[in-house]
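The structure appears right after this line, and notes come after that.
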Amino acid sequence: MNPKNSTNSINPIFSTCYLPSDNEAYLDVYSWLNSKMTEEHIYTVSEITREIKLLLEENIPYLWIEGEISNFSLHSSGHLYFTLKDEHSQLRCVMFRNQAEKLSLLPENGVKVVACGNITVYEKAGQYQLNVFILQPKGIGELALAFEQLKAKLSREGLFDPSHKKLLPRFSQRIGLVTSPTGAAIRDIIKIIHRRWPLAQLILNPVQVQGKGAAEQIAKAIEEFNQFGEVDLLIVGRGGGSLEDLWAFNEEIVARAIYNSKIPVVSAVGHEIDFTIADFVADVRAPTPSAAAEIVVPNREDILRQFSSLDSRLQLALSKSLILVKEKWQRVISSYGFRRFLDLLPEYQQQLDENLNRLERSLTLKVNLEKQILKELKTKLAALNPLSILERGYSVCRKVPEYLIVKKASQLKVDDQVEIQFSQGKAKCSVEEIK
């Protein structure tokens with residue numbers, strides 16, 4: 001077959017291919033392919049990309065992948081774009097905003113992470129990628145980075161603002177404890193508080209202080225104490241340990257529970273050199289659980305010494321006040337004004353006696369005058385009394401049963417009944433004759 005004479009029979013998609021003129025095998029292959037194109041389906045780029053997409057997404061389940069972050073980009077939409085790589089390969093990754101918002105820290109280039117997601121194909125670019133749902137730092141170095149990034153995030157939100165921190169009560173009656181019931185921290189706290197201030201009552205809400213689920217238990221215990229509302233303050237903490245052991249107190253859920261607590265919170269995590277996110281959010285940070293116990297209650301011996309000192313100072317102040325009052329009183333009674341008052345007192349007493357005598361005479365005159373007026377009124381009243389008239393021989397006649405006073409004989413008729421009232425007694429009579 002001559003290549004020059006057979007180029008017109010080759011499909012145009014191969015017309016620009018380089019075909020060695022001295023190799024008849026190539027022309028045979030292209031002729032065979034051209035004949036097959038008329039028999040089988042010809043895929044578009046979109047179609048074959050979609051086929052690959054379905055093949056990958058339906059056959060590869062969710063998986064965990066470890067790698068180092070590079071080419072990290074935070075898009076204005078909130079989506080995260082980055083590449084996971086190791087010494088041999090790299091994998092494009094995307095984490096959409098609804099999942100990225102759950103991160104306590106943003107990834108950085110060069111950080112080793114473990115990502116969980118599923119393989120997808122971005123059809124527009126024809127590239128496969130990992131759709132990330134979970135992203136976690138790997139190793140202690142990453143935990144330290146996570147700590148610093150969460151600290152910066154919460155600081156920007158104002159969770160460490162001193163103006164939000166509450167004062168601890170001076171004398172706490174009830175203290176809530178959020179810690180492990182079996183750790184050394186709880187034993188130290190109980191021992192020190194009972195020694196320093198036996199009046200305080202301790203209420204323990206036992207929680208897991210490390211491992212999976214510990215942060216959720218701690219946050220829930222703080223919320224439950226706030227719902228209970230019968231404690232004066234909270235001690236949240238545990239004994240010492242590694243960064244990984246203390247990590248529950250670096251979780252965002254614990255930090256926000258402390259920030260939202262209406263009850264003052266004392267953070268007591270680890271040793272003096274250990275710092276956690278809980279320490280920055282809490283109202284007071286204690287370097288150790290034992291130090292927290294000393295902070296939240298006063299020392300009984302110190303209070304007794306203060307009372308003794310106050311008692312002595314009070315007695316001294318009272319003594320000085322009494323001396324000053326006595327001196328002032330001596331000055332008053334020896335003053336001219338006070339002596340003049342004593343001289344005037346007999347004169348005022350004499351004037352009082354004279355006034356009393358005048359008042360007595362005036363009252364006596366007034367009483368006698370009123371008696372005379374009363375006597376005259378009684379005389380006039382007696383003269384008008386109808387009984388006085390009856391005593392002179394007169395009587396009152398009333399017709400029965402009406403008991404109307406009979407003034408004229410014409411008011412009566414024969415056989416009428418009448419009642420006659422005398423000055424003493426009454427009589428009932430029957431009319432026999434009327435004149």
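Observations on the model:
- Sole exception among (1) more than 24 Å from the chain's Cα centre (by Cα); (2) hydrophobic (A, V, I, L, M, F, W, C); (3) open to solvent by less than 90 Å² (accessible area, probe 1.4 Å) for F307, by number: (3)
- Residue in segment 371-391 that is surrounded by 12 or more Cβ atoms within 10 Å (Cβ to Cβ) and either touching a Phe, Trp or Tyr at 6+ places or on another chain (Cβ under 7 Å) or of a type in the set (S, T, Y) (or both) present: yes
- Every residue from segment 219-236 that is more than 11 Å from V265 (Cβ to Cβ), touching a Ser or Thr at 6+ places or on another chain (Cβ under 9 Å) and of a type in the set (S, T, N, Q): none
- Evaluation of I48 against the conditions (1) farther than 26 Å from I277 by Cβ; (2) in contact (Cβ under 8 Å) with a residue 12 or more places away in the chain; (3) among the hydrophobic types (A, V, I, L, M, F, W, C) shows that the sole unmet condition is (2).
- Flag for N98 being of a type outside the set (D, E, K, R), under 30 Å from A255 (Cα atoms), open to solvent by 80 Å² or more (accessible area, probe 1.4 Å) and in contact with an Asp or Glu (Cβ under 9 Å, 6 or more places away or on another chain): no
- Residue match in segment 127-134 (condition: surrounded by fewer than 18 Cβ atoms within 10 Å (Cβ to Cβ) and β-branched (V, I, T)): yes
- Filtered residue count, segment 268-297, keeping only those that are free of Cβ contacts under 8 Å to residues at least 24 places away in the same chain, touching a helix residue (DSSP H, G or I) at 6+ places or on another chain (Cβ under 7 Å) and more than 24 Å from I253 (Cβ to Cβ): 0
- Test: residue in segment 218-233 that is open to solvent by 20 Å² or more (accessible area, probe 1.4 Å) and hydrophobic (A, V, I, L, M, F, W, C): yes
- Residues considered: F147, F160, F171. Of these, the only one that is exposed (fewer than 13 other Cβ atoms within 10 Å of the Cβ) and either at negative phi or without any contact (Cβ under 8 Å) to a residue 12 or more places away in the chain (or both) is F171.
- Residue in segment 260-269 that is part of a helix (DSSP H, G or I) and among the hydrophobic types (A, V, I, L, M, F, W, C) present: no
- Among all positions in segment 187-209, there is at least one residue which is open to solvent by less than 50 Å² (accessible area, probe 1.4 Å), farther than 25 Å from L246 by Cα and of a type in the set (K, R).
- A184 small (G, A, S), open to solvent by 50 Å² or more (accessible area, probe 1.4 Å) and touching a residue at least 40 places away in the same chain (Cβ under 8 Å): yes
- Test for D86: is it of a type in the set (D, E), modelled with pLDDT of 90 or more and touching a strand residue (DSSP E or B) at 6+ places or on another chain (Cβ under 7 Å): yes
- Every residue from segment 109-126 that is under 18 Å from L145 (Cβ atoms) and open to solvent by less than 80 Å² (accessible area, probe 1.4 Å): G110, V111, V113, V114, A115
The values are calculated or read from the model by the stated rules, or taken from the named source; none is laboratory data. Nothing here was measured: the structure is a model prediction, and the numbers come from that model. All Cβ positions, even for glycine, are placed from backbone atoms using ideal geometry, and neighbour counts span all protein chains on display. Accessible surface areas use protein heavy atoms only, side chains included; no ligands, DNA or RNA. Shrake-Rupley method; radii C 1.70, N 1.55, O 1.52, S 1.80 Å.
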